[in-house]
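This report concerns only the one structure given below.
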Amino acid sequence: MATCEKLSKCPFYQGQMSMESGLGSIYKKKYCEGDKMSCARYQIATKLGPEFVTNNIYPNMLDQAKKLLAQHGKSL
């Protein structure tokens with residue numbers, strides 16, 4: 001799969017989480033270099049806009065993304 005086009009500017013990796021070690025590298029491999037459509041941050045950013053993606057949303061928080069999208073009449 002192709003690398004997510006949002007990776008280089010994703011605020012999640014701009015100071016919050018290192019992509020080179022630990023959990024950051026696992027998330028990067030799974031979501032950024034794997035299945036970006038399963039990334040909660042990607043879903044929110046593409047369906048509502050990047051301003052709706054808060055710093056406390058991690059890539060694996062699809063339940064949070066579903067709730068936020070539902071509040072705005074959108075779905076995953």
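Residue pairs whose Cβ atoms lie under 8 Å apart, sitting 6 or more positions apart in sequence or on different chains, and linking a residue in segment 27-50 that is part of a helix (DSSP H, G or I) to a partner that is open to solvent by less than 20 Å² (accessible area, probe 1.4 Å) and of a type in the set (S, T, N, Q), are 37/43.
Scanning segment 62-76 for residues that are assigned to a loop (DSSP other than H, G, I, E, B) and open to solvent by less than 60 Å² (accessible area, probe 1.4 Å) turns up nothing. Quick check on segment 20-65: of everything there that is more than 12 Å from the chain's Cα centre (by Cα) and hydroxyl-bearing (Ser, Thr, Tyr), which residue is nearest to residue 2 (Cα to Cα)? Among residues in segment 20-65 that are more than 12 Å from the chain's Cα centre (by Cα) and hydroxyl-bearing (Ser, Thr, Tyr), the one nearest to residue 2 (Cα to Cα) is 25.
The values are calculated or read from the model by the stated rules, or taken from the named source; none is laboratory data. Predicted, not measured: the structure shown is a model, and the values here were computed from it. Neighbour counts run over all protein chains shown; Cβ positions are idealised from the backbone, glycine included. When the accessible area is computed, the model is the full protein with side chains, heavy atoms only, and any ligands, DNA or RNA have been set aside. Shrake-Rupley method; radii C 1.70, N 1.55, O 1.52, S 1.80 Å.
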